[in-house]
1. Considering only the stretch 41-64, I want to know if a residue exists there that is within 13 Å of the chain's Cα centre (by Cα), over 14 Å from residue 3 (Cα atoms) and modelled with pLDDT of 95 or more.
2. Please determine whether any residue of the stretch 68-82 is assigned to a strand (DSSP E or B), within 21 Å of residue 8 (Cα to Cα) and free of Cβ contacts under 8 Å to residues at least 40 places away in the same chain.
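The values are calculated or read from the model by the stated rules, or taken from the named source; none is laboratory data. Predicted model only: the values in this text are computed from it and were never measured. So basically every Cβ, Gly included, is an ideal-geometry build from the backbone, and we count neighbours across all protein chains shown.
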């Protein structure tokens, strides 16, 4: 429950795109008018590893990581590069991940790529 997502995503390779103050936001939302690109994440499901002999020893959480880039044509290239950097950071941390959404938001015209990542956190 509540895995440490931010430290895994706050790498130099990702900071190239989201800045050193890291435009990475939890609870799946970012401030209004935030500079693009940016990343949000949210816990979409979590299960404890229950055991008969006591309290659970770990938790399994599926985290949705949403990557957004501006509506201009250069947003296409920057979102793909940032998504690769996110995937690499997850791979380097031993976190299994998969692409779940690649779209353009109808209202804002922002480009969006969503990745689902499986975190196993020892208690």
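1. No, that holds for no residue.
2. No, the conditions are met nowhere in the stretch 68-82.
Residues are listed down the side, and each one gets a yes or a no for (1) in a strand (DSSP E or B); (2) surrounded by 14 or more Cβ atoms within 10 Å (Cβ to Cβ):
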{"site": "6", "(1), (2)": "no, no"}
{"site": "15", "(1), (2)": "no, yes"}
{"site": "27", "(1), (2)": "no, no"}
{"site": "36", "(1), (2)": "no, yes"}
{"site": "40", "(1), (2)": "yes, yes"}
{"site": "44", "(1), (2)": "yes, no"}
{"site": "59", "(1), (2)": "yes, yes"}
{"site": "65", "(1), (2)": "yes, yes"}
{"site": "99", "(1), (2)": "yes, no"}
